[in-house]
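Have a look at the structure below, then the notes.
The values are calculated or read from the model by the stated rules, or taken from the named source; none is laboratory data. Predicted, not measured: the structure shown is a model, and the values here were computed from it. Here Cβ is always computed from backbone atoms with ideal geometry, including for glycine, and neighbour counts include all displayed protein chains.
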């Protein structure tokens, strides 16, 4: 509520947990009964709602979800939403694409590499990088004017290779490590592996899972359809 990025890690994790509203409903109800009378919590809700509606950072769609009349569910939603907004926390359940037990994968906006190369936590981050089925490690720059570019510097694959090399890692050794990991995976005559193939690259701050998700066509252009991407991502999740 302080509009500062100062939420403790434990609370931060709790707020972004899927289904947190239902988990805390009984406890919040007990707290209201024991510590706050119904009239006071109703006034508190109206004040909090007004602050939320007056917040210029929020669009009309978000504001429309806040009910005008107090209820336990409305109070919990508004309180958690205010915490998320003021502390720039993602609302996980809005963008959750996969969950298993207490673990989940959610879509949030931000710098992907900040989770890996910029990771400051003691625990290593897990970052998935989509690559082509050849697991190529040579970035083809525009100045090279190659007839058949392998990895464009404008792709996520190419950007990751650049950051990997900037972190004082050898791209030649990276290629050797990938080949060693995939030595038992059958490749076609062009050296391409099946879509969905995974190679894990360990570093000091993160483990990068290179996921083969795109392949070259006859014109040496990579293309991946949405359904194919989903199937390959499912293979990755099944492998976790």
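Residues in the range 141-160 include none that are at pLDDT 90 or above and in a loop (DSSP other than H, G, I, E, B).
Within the range 167-186, the set of residues being farther than 17 Å from residue 198 by Cα, part of a helix (DSSP H, G or I) and without any contact (Cβ under 8 Å) to a residue 12 or more places away in the chain comprises just one member, 173. Against the numbered list (1) surrounded by fewer than 16 Cβ atoms within 10 Å (Cβ to Cβ); (2) farther than 29 Å from residue 164 by Cα; (3) at pLDDT 80 or above, residue 118 comes up short only at (2). For the range 23-55, a residue qualifies if it is part of a loop (DSSP other than H, G, I, E, B) and surrounded by 12 or more Cβ atoms within 10 Å (Cβ to Cβ), and the qualifying residues are 36, 55. Condition (residue is loosely packed, with under 14 Cβ neighbours inside 10 Å, modelled with pLDDT under 70 and not in a strand (DSSP E or B)) applied to the range 74-91: is it met by at least one residue? Yes, that holds for at least one residue. Is it fair to say residue 192 is surrounded by 12 or more Cβ atoms within 10 Å (Cβ to Cβ) and under 28 Å from residue 122 (Cβ atoms)? No, not satisfied.
Criterion applied to 36, 15 was being at pLDDT 75 or above and at negative phi, and the one residue passing it is 36. Here residue 66 clears all of (1) closer than 25 Å to residue 26 by Cβ; (2) at pLDDT 70 or above; (3) assigned to a helix (DSSP H, G or I) except the condition numbered (3).
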